[in-house]
Structure formats: structure tokens, C-alpha cells
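Beneath this line is the structure, given in C-alpha cells, with notes to follow.
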Amino acid sequence: MSAAHPSPSGAPARRPDGPTRSLRVRPSLAELDAYAGDARYVAVSTSIVADTLTPISAYARLRAGTEGGAFLLESVEGGELMGRWSFLGAGLREGVTLADGVAMVERDGAQQEQPCQDPLGLIRDMLAGRSVWSPVTLPRFHGGAVGWVGFDCVRYFEGVPLPAGAGTGVPEARLLMADLVAAYDHLRHRIVLVAHAPLA
């Protein structure tokens, strides 16, 4: 996406190849210095005009040249109407894959297996230490777990046995931890960029 590089002070940012543009980043350094809460992360955010970008073209630009997981979530209201927000992310390097009662946890380029009989408990554990502070109101989703929990996971919740056989080979669940999110606002035709940065 074509945008100026944000300035942590909240001052106008300068494109490396063009004039200064007003791009306000929140929180400012003064707001960050004044924060006295106990959140572990701060949501650093700014917004840009979408111009000719659509959610699909924005996703393609984010995905190009990045490794790791990616997602595009579209919202629909009432089953027919397009919702206000589309959420995009790419380059995600932390997540978990569940298959046959074993969770493969990926973090910082390393993989670790662990037994898992409670997928929802595993998700809660992943999110437990991710309290986030922001001085401004952000879209409902600006980071966290993204993915799917398959129908076969009913056996963990209800004790329903699965049919015998090899199955489809698809994991029972796959989740990514998103800490870099672009939220496309269809109403205002702007893109809110959010990054979760550790406070300590």
C-alpha cells in the first residue's frame, strides 16, 4: 500500500520519495509515556485513504513478498448486505494447528507439539496474555486469533465419536495470531492500520 512511513511522535510523516503528508500515529510518545495501566501490548494505529484500493487488491499487496499466514475476512450483515469492515493480515508467524488430539504450536520460527483435548482452552491460553491498550477507538477486531475450528472438534466438546477411517487429512483446527491488521472501512473508504507492540 502506498503510505507515508509513520512517525512514532504522531507528527506528519515523510515519504522517502515525496513531500510530507499528514499521517497521525496514535498513541503519540506523550500518550505512551503517560500510560500507567497494566496492558502487555499497545495498539499503534493510523489510517490512510483507500483511494483505488479494494479489499482484494489491498490483500494482494500485503501478501506479495511476505511469508507466513495471511487472511482476508469479509463481514456480511443479515446474510445479504456487505458489512462495514473487511479485515486483512499477512506475514503471520505465530499460530497453532490441531490434528488427532495433538496441537502443533508455531512461534518465532520454532514448532512444538503438545497434547490437546480442549481446543477452546488452547485458544484461551494463547490469548490470555494479550491484553491490549489503545487511546483511540479501533474497529472491533484489530488483532488476536484468526482461523477456523472444524466440525470434527465436536468430539472434544460432546464426546461424539468420529467414523472409522483415514478421514480427509484436513486439520481439525487452524488458527493464526494476528498482531498486524489492516481494517478496510467501506463507509469512510479508509484503511485503519494497527500493530500490536509489546509494552515491556
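Per residue, the solvent-accessible area of the chain (1.4 Å probe, heavy atoms of protein chains only, all protein chains present) comes to 60 Å².
When peptides 111-117, 145-151, 193-199, 86-92 are ranked by their average number of other Cβ atoms within 10 Å per residue, the highest-first order is 86-92, 193-199, 145-151, 111-117.
Share of carbon and sulfur in the accessible area of the chain stands at 54%, probe radius 1.4 Å.
Close amide H pairs (under 5 Å, H built 1.01 Å from N) link residue 172 with 98, 99, 100, residues at least 5 positions away or on another chain.
Summing Lys and Arg as +1 and Asp and Glu as -1 over all other residues whose Cβ lies under 13 Å from the Cβ of residue 162 gives a net charge of -3.
Less than 5 angstrom separates the built amide H of residue 94 from those of 177, all sequence-distant by 5 or more or on a different chain.
Among 66, 168, 52, the largest mean-square fluctuation in a Gaussian network model of the chain, built with springs joining Cα atoms closer than 10 Å, belongs to 168. Once divided by 2.2 N^0.38 Å, the Cα radius of gyration of the chain becomes 1.18. Ordered from highest to lowest accessible area with the whole protein assembly present and a 1.4 Å probe, 191, 123 read as 123, 191. The C-alpha atoms of the chain define a longest principal axis, and helix 119-128 lies at about 30 degrees to it.
The values are calculated or read from the model by the stated rules, or taken from the named source; none is laboratory data. From a predicted model like this one, the values you see are computed outputs, not experimental measurements. We place every Cβ from the backbone using ideal geometry, glycine too, and count neighbours over all the protein chains shown. With ligands, DNA and RNA removed, areas are computed over all heavy atoms of the protein, side chains included. Shrake-Rupley method; radii C 1.70, N 1.55, O 1.52, S 1.80 Å.
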